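The block underneath contains the structure these notes are about, expressed in C-alpha cells.
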Amino acid sequence: MTDSLIPPQVTDDVRRLLRDAGIAGTDDDAELVSRILITGVGLGLDDTSRLDLKITSAALAEMRQAFRLFAPYRGVPKVTVFGSARTRPEDPLYAATVELARELAGRGWMVVTGAGPGIMQAAAEGAGGEHSLGVSIRLPFEEKPNSVIAGGSRNVAMKYFFTRKLMLVKESSGFVCLPGGFGTLDEMFELLTLQQTGKAEPTPIVLLDAPGGTFWEGLREFADRHLIPAAVISPDDLDRVLFTDSVTEAAEAITGFWRNYDSLRWVGGRLVLRLRAEPSDADLESLNDRFGTLLTRGRIERSEPLRREVEEADRIELPRIVMRFDPFRVGELFHLIRAVNELPTAPPPRALPHRRA
C-alpha cells in the first residue's frame, strides 16, 4: 500500500514497530495491520475533522472488542435472532422464540442477539447462557443487557449501529426475524439487500410469525402489489426467505440449509461450491439441466481443490463442484444451493450442523 502523502520513512517505521511488537513483517496478516496503521496516519495528514477521527477510532476499537468476543466460538454455527425489544413475556411470539432458540441450541448452534429485552431476551433464555452471545447498543434510554447475557459476560456494547449490525450479521450462518419495529425491519432489509446483491454469502433467512399471525405476510403482499410490478425487485427475490409460523419448520430451514452445502468462494472467474458429499454423475447431469442457464460458459463439474484453495488450505478436505457462474445472477445462487441440498447423495437431514471456520 502506498500513499503519496505519507513519507516512505513513516511506512518503514510502522513496519519496524510491528516487528518490535512481535508481528512478523512478512506475513499477510502483518501487512494488513500495517495498512490499518498507515491509514490512520493518512487520516491525520488529511486535515480530518475531530468528529471523523473520533468515529474512526471508536469504530475500530469496538470491532476489536467484538472480534475478541466471537473468536473462541469461531467453529460453532450461529444463528442471529432479530425482533422487538418491546415484546412481553406473555406474548405468543416470546414463547415461540424461546422454543426456537432451545431447539437450535440443542442441535449445537449458538444464538446471537442484540442483548436487549423482549425477543432478544427470549432467544437468550431459550438457548441458555452457554449458547448465547450478545451485541448490545449504548443508548441513553436503552435498558442494560438482559440478565441472561449479562450474567455470562458474553456481550460487547457498541456505540454505533453500523458496527453492531456488522457483528450481528458477519458471524452467523442463519437468521430469524420476528415481528418488530424500525430496528427489526432495518436489520431484515439489510439481510435481503446483502443477499440480493451478492455482498454476503447465501444463508438461510426465516421470517417467523406467531401461530396464525399475518405480520410478515404484509411484507409479501406489499412486494406483490408494489415492488414487483414496479420492477424494483425481481419476482423471486423473496423466494429465498421462509415465511412461517412454525418453530419446527424454522429450525429445519436453518439447519437444513447446511445439509450438503458447506461454503463457496470465487477463484478468478470460477465459482467453487464446497459440499459435504461427493456428487454422482447423475447429480451433475441434473444440476446442469436445471442451472446451465446461470453459467456464462461450460458446465458444472466435479473438481479437486483449485491451486489457490490448496495454497491457503481452504476447505481442501471437502468435495467440490466448479462452474463459470454468471456474476450478474448471484442473487439466484440460493436456487442452486437448495438443489445441492436435495441431491440423492446429500447426507441425511439430521447430520451434524454446519461448522463455519
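Counting pairs of alpha carbon atoms under 8 Å apart in space and at least six apart in sequence, what relative contact order in percent does segment 272-357 give? Don't skip to the end; give the middle numbers.
Values: 85 pairs, mean separation 34.9, N = 86.
Across segment 272-357, relative contact order equals 41 percent.
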Based solely on its DSSP helices, what 222 nm [θ] is calculated for the chain when runs of n ≥ 4 H residues each add -39,500 (n - 2.57) and the sum is averaged over all residues, nearest 500 deg cm²/dmol?
-13000 deg cm²/dmol
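Once you order the gyration tensor axes a ≥ b ≥ c over the Cα atoms, which shape class does segment 155-243 get: rounded for a/c under 1.5, otherwise prolate or oblate by comparing a/b with b/c?
prolate
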DSSP-defined antiparallel bridges as percent of all bridges, the chain, nearest 5
40
Between segment 32-85 and segment 100-128, how far is it from one alpha carbon centroid to the other, in angstrom?
25
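Let me know the shape class of segment 12-76, please: from the alpha-carbon gyration tensor, a ≥ b ≥ c as square roots of the eigenvalues, rounded when a/c is under 1.5, otherwise prolate if a/b is greater than b/c, or oblate.
Judged from the Cα gyration tensor, segment 12-76 comes out oblate (a/c at least 1.5, b/c at or above a/b).
When the accessible area of the chain is computed with all protein chains present and a 1.4 Å probe, what percentage of it is carbon and sulfur?
Values: 9930 of 18460 Å².
The computed percentage sits at 54.
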Restricting to aspartates and glutamates and to Cα separations under 18 Å from residue 170, and discarding same-chain partners fewer than 8 apart, the set is 62, 186, 187, 190, 201, 262
Of the listed values [x] 64, 40, 35; [y] 60, 48, 48; [z] 62, 55, 44, identify the label whose number matches Cα extents along the principal axes in Å calculated from this model.
[z]
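If I take every Cα pair under 8 Å that is 6 or more residues apart in the chain, average their sequence separation and divide by the length, what percent do I get for the relative contact order? Don't skip to the answer; put the middle values down first.
On the way: 543 pairs, mean separation 50.3, N = 357.
Here the relative contact order equals 14 percent.
The values are calculated or read from the model by the stated rules, or taken from the named source; none is laboratory data. As the structure is a computational prediction, the values presented were derived from the model and not from experiment. What goes into the accessible areas is simple: the full protein's heavy atoms, side chains included, and nothing from ligands, DNA or RNA. Shrake-Rupley method; radii C 1.70, N 1.55, O 1.52, S 1.80 Å.
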